[in-house]
1. What's log10 of I(q)/I(0) for the stretch 73-120 at q = 0.19, 0.24 Å⁻¹, Debye sum over Cα points only, no solvent?
2. Which FRET efficiency value, to the nearest 0.05, do you get for Arg56 and Ser96 by plugging their Cβ-Cβ distance into 1/(1 + (r/R0)^6) with R0 = 35 Å?
3. So who's got an amide H within less than 5 Å of the one on Glu98, skipping anything under 5 residues away but keeping other chains? H placed 1.01 Å off N, in plane.
4. Mind checking the full-extension length gain between Asp189 and Asn17? Use 0.36 nm per residue of separation minus the Cα-Cα distance, one decimal, nm.
5. For Met182 and Arg111, calculate 0.36 nm times their separation in residues minus their Cα-Cα distance, and state this gained length in nm to one decimal.
6. Mind giving me the FRET efficiency for Ser201 and Asn132? R0 is 22 Å, r the Cβ-Cβ distance, nearest 0.05 is fine.
7. How much accessible surface area, in Å² rounded to 10, belongs to the heavy atoms of Phe118 with a 1.4 Å probe?
Amino acid sequence: HGSFKSIPNHPVDLICNFYWVNNEKVIQFNFRDITKRKKAEKALKQYTRHLEIINRANNAFNSTLDLEEVLELVLEQVRQMFAALSVSIWFMNPDSGELVCSQATGFKNDRIRGLQIFPGKGILGQVLESNNSQIVQDIQKDPHLNLLMGQKTGLDIQSLLVVPLCVKEKAIGVLVVGDVHMGRFHTTDLTLLESLAATASI
């Protein structure tokens, strides 16, 4: 007879077979690679999590017509789900073209609200103008944004997710998730944030 057991933290199953040869008990061990299965399970869990997050965001959007209340609800949900230091939303001033932080949540959020970025400046300005999302693994590479976030807020933000908010294919602002660790975010995080940003824009 035989049995198998998954080995914690390793992508293999241990298969153990017992049988008799010339009245002597023989134990045979085999290892089965389950890397593909583990990857599939992880992908399914991640997909399910993404759906749950988007569903929660939709519920928040539909709970009130008050813009400020909606922004507070959604930004806080996003911050908790990404386990990030801060989340903020920036809208373009149609008169000056500047990006202005309209709402923020997380550590020292009161210092982020009201900050302004000149048109086209830094990564936030680039995302707005290009209408393309960006993952920033090291904020030090953007002196303009690093100076803005560091000196004016006192936040030790090292990495960012920046996604445009679009209405009728035109960017009207950006959604920003920031954290203290370099290389904190990945493409799966960006995909999730883009989905949330699309719903928020509507």
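1. Computed log10 I(q)/I(0) values: -0.60, -0.80.
2. Once rounded, the FRET efficiency stands at 0.50.
3. HN-HN under 5 Å from Glu98: Asn93.
4. Stretched out fully, the Asp189 to Asn17 stretch lengthens by 57.6 nm.
5. 23.4 nm
6. 0.90
7. Approximately 120 Å² for this residue.
The values are calculated or read from the model by the stated rules, or taken from the named source; none is laboratory data. Because the structure is predicted, anything quoted here is derived from the model rather than measured. Note that each Cβ is placed from the backbone with ideal geometry, even for glycine, and that neighbours are counted across all protein chains shown. Quick note on the areas: whole protein, heavy atoms, side chains included, nothing else; ligands and nucleic acids left out. Shrake-Rupley method; radii C 1.70, N 1.55, O 1.52, S 1.80 Å.
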